[in-house]
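Since every read-out is calculated from the coordinates, none of them should be taken as a lab result. Note that this is a predicted model, so its numbers are computed, not measured. Because the Cβ atoms are built from the backbone with ideal geometry, glycine has one as well, and the counts that use them run over all protein chains shown.
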């Protein structure tokens, strides 16, 4: 017996695991060594193989349907199921992986076919992304970026009414570990009138929360704010790689395009809303004088409990730091409470015009900077638009990313009486331009 | 014998057909009455059923592989084939459908299983769209819209260097005939400071050419301008429905979102680059003083022969016109020669940063207005921003679209010594807001 008040797992590495205790149970798609992709659940240092589990008749009823849908090569079919089926599977997994599970010997007899060592598995994108939408809910980020262009009036008049968003590129969403090639693009050097095609010299990351969409809505039928939570399949970390010099030259009048569509990196595990339930929070109060959300975006329950208290961390590990044996440098420590809109508000706004969402769509929150210098979510903000370099212990300086730099994002939820849970890593290294 | 110099088909309705003579042979996905979707080829008033044709061993070699890939429920696999396979299938179809085909009796014996009357078939989207990108290549449109906001300086400084584009929504692309529900959205009435959720009062169409992408490129590897033509699977008409009042309030700073993502309509037939070969043209000369394209966007052969001379027509048919037996009103007659960039330039620019295109991606050209009042491609331009209504023979007036209005787009290619070919229809009627 331990002194914890929460349940432990017979997978001992799960207990006190940084990311994946029994209470998390995120879904993902993985390949065991030499085998094709299939669905699994992270538990400690292992992946519970849903294909093996289904073959061994560990599920019945609605949990079986859900396990079958989640055991294929993408989670789209799983995300399309009713909430009750997704919950039934989670309940059964909590039972199977509990330290007190009665028929433990049966499970242990399956060995590595059931419990794959994560270290030898390759992770894939959890779902085939139909559409990817990136929002702009980080109000501190919006103010910081706005100040670079409009010092006296950083926030545009629509910001506090409209959850601003735009469509991103789904073909270039990659799981953690994908190496990102520095993009070429048109840039206009200061003082020049004619642009040139050059490798981006102002390559940046953006720290975001990603939301996987569950279910769908037909064209012309909005998802009400009261029903929006049903359409959250789960969450990931998201790095919206951005080439600031390309963006500055191309983005008027239709928004970012090549500055962002070369790559987006996500953490591969889908952390469910159920796992995050203990870390839900009231939506932070709007500053005095801010308008209330329009009625279609307002729901008392959503305001009271629709936000999430998730700590977000971003680290930089340069090639020189690695060579010198130095640890990564923490660039920022932020929190999803920096979102000006709840996830339910994003879903409802996205569909109020009749736009169809589909299972496996991905939403990004936009960069979630906090209000302080140590909680910023991009180098653009950290370097004040490239004017103040960051100093690293390796003796290096950075305004933007250099080739060989690796960005690592982590998330963490903590609450008294609950184990800490995390998201796994969202990691990407920059390759030299081709 | 006729006096034409071009080949005729034994499918007699093809000869002198408005859209689909033997020389066109566009690909599409259709359902014969009561049967599942499959690939086919438009010929006159009929659809040549590729599934039946494959089953009857009408193909061999590369043409067989291509026919198999094109006979399923989407054309993505067909678009992924090498150009040579797509060409082999076209050559064989030209042979099979030629008036002089030697074994005609064998084909005719198949009856309606091989040649489906188009009137009883339902058309679908030709491919599952991975990503949809909309460009802004219509320079007259860009000037006209720019003038509404910046009378003295309508074109932004990047326009003549960067093929401006942004990502659209792939979940809401519909084939011709889909009824579009008027979107709700946040709008800010003149003089107000607080927006309200209302049905769009400034609903508009945009006349565009759509381009279906063939093949793919890996992340980090651009498609050179010399190779770009291989990545054109074919063309369609595209109506980029737009809610101008939503757009005006939401689009800063990240571009159009809910103002456009509720619906996009395309004509369902994929007219191939091979069918359009006779109608290729030199890219129109840039006005005196305009910069030349940057080297990565410049290819002498593309400048000499990379444009297309396709007439584009847009018609309005209101409920009252229909009730009075009046024909549709022509809103505009334009041409794809109004594109400031070639299709090859769009493909190359899209990938110069390493962004991956995939077979079945869809590109839009942006609104292709001409330089004259009778060649405009949107009501925003026709009504001068909603200030001058258009008068119809029914006695009605329009600044923007009313419920029950139907927009019909047509395309036509004409050249001495060739039959006229068309694209079929791109049609959509507006339903009242929900």
Beta bridges per DSSP with both ends in region A:132-431, % antiparallel, nearest 5
85 percent
What does the convex hull of the Cα atoms of region B:106-175 come to per residue, in Å³, rounded to a whole number?
189 Å³
Hey, how many Å between the Cα centroid of region A:144-220 and the Cα centroid of region B:128-159?
19 Å
What number, in percent, do you get for the relative contact order of chain B if the mean sequence gap of Cα pairs under 8 Å and at least 6 apart is divided by its residue count?
21 percent
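Take every Cα pair under 8 Å in region B:211-354 that's 6+ residues apart, average their separations, divide by the length, and report that relative contact order as a whole percent. Could you put the intermediate results ahead of the total?
On the way: 205 pairs, mean separation 41.6, N = 144.
This gives 29 percent for region B:211-354.
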Nearest 10 degrees is fine. How inclined is helix A:83-96 to the longest principal axis of chain A, computing both from alpha carbons?
60 degrees
GNM top mover of A:404, A:332, A:168 - chain A, alpha-carbon springs below 10 Å:
A:404
At residue A:83, with labels set 7 Å past Cα in the Cβ direction, how many nm apart are the copies from this one, shortest first?
5.3
On average, how many beta carbons from a partner chain sit within 10 Å of the beta carbon of a residue in B:167-177?
5
Taking each residue of B:426-433 in turn, how many C-beta atoms of other protein chains fall within 10 Å of its C-beta, and what is the average?
1
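Would you mind calculating the relative contact order of region B:12-123 from Cα pairs under 8 angstrom and at least 6 residues apart, reporting the percent as a whole number?
Working: 173 pairs, mean separation 33.8, N = 112.
30 percent.
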Distance in whole Å from the B-onto-A rotation axis to the closest C-beta of chain B, together with the residue it belongs to, please.
B:255, 1
Given label points at 7 Å from Cα along Cα→Cβ, what nm distances, shortest first, separate residue A:60 from the same residue in every other copy?
6.0
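Between residue B:91 and residue B:372, 0.36 nm times their residue separation minus their Cα-Cα distance comes to what? Write out the running numbers ahead of the final one.
On the way: separation 281, 0.36 × 281 = 101.16 nm, distance 3.98 nm.
Roughly 97.2 nm would be gained on extension.
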If each DSSP helix of 4+ residues adds -39,500 (n - 2.57) and the sum is divided by the residues in chain B, what number results at 222 nm, nearest 500 deg cm²/dmol?
-5000 deg cm²/dmol
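How long are the semi-axes of the equivalent ellipsoid of the protein assembly as shown, defined as square roots of 5 times the Cα gyration tensor eigenvalues? Whole Å, largest first.
Working: eigenvalues 423, 220, 145 Å².
Largest first, the protein assembly as shown gives 46, 33, 27 Å.
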In terms of the alpha carbon gyration tensor, root eigenvalues a ≥ b ≥ c, rounded if a/c is under 1.5 and otherwise prolate when a/b exceeds b/c or oblate, region B:12-123 is rounded
Every other copy gets compared here: list the nm distances from the residue B:372 label point (7 Å along Cα to Cβ) to its counterparts, shortest first, one decimal.
6.8
Report the residues of region A:259-301 in range of a label on residue A:7: point 7 Å along Cα→C-beta, backbone N strictly under 13 Å from it.
A:275
Here the whole-number average of other chain Cβ atoms within 10 Å per Cβ of A:238-249 is 1
Distance between region A:405-434 and region A:49-99 - C-alpha centres, whole angstrom
26 Å
Cβ-Cβ FRET estimate between residue A:230 and residue A:119, R0 fixed at 30 Å, reported to 0.05:
0.25
So if we plug the beta-carbon distance of residue B:103 and residue B:18 into 1/(1 + (r/R0)^6) with R0 = 41 Å, what FRET efficiency do we get, rounded to 0.05?
0.90
Scattering profile of region A:132-431 from the Debye formula, Cα beads only, expressed as log10 I(q)/I(0) at q = 0.07, 0.08, 0.11, 0.13 Å⁻¹, is -0.26, -0.34, -0.65, -0.92
Which order do the peptides A:35-48, A:278-291 come out in when sorted by mean C-beta neighbours inside 10 angstrom, highest first?
A:35-48, A:278-291
From Cα coordinates alone, what are the radius of gyration and Dmax values for region B:216-347 in angstrom?
18.6, 57
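When DSSP assigns beta bridges and you keep just the ones with both residues in the protein assembly as shown, what percent turn out antiparallel, to the nearest 5? Working shown, then result.
Working: 123 of 139 bridges.
Taking every DSSP beta bridge with both residues in the protein assembly as shown, the antiparallel ones total about 90 percent.
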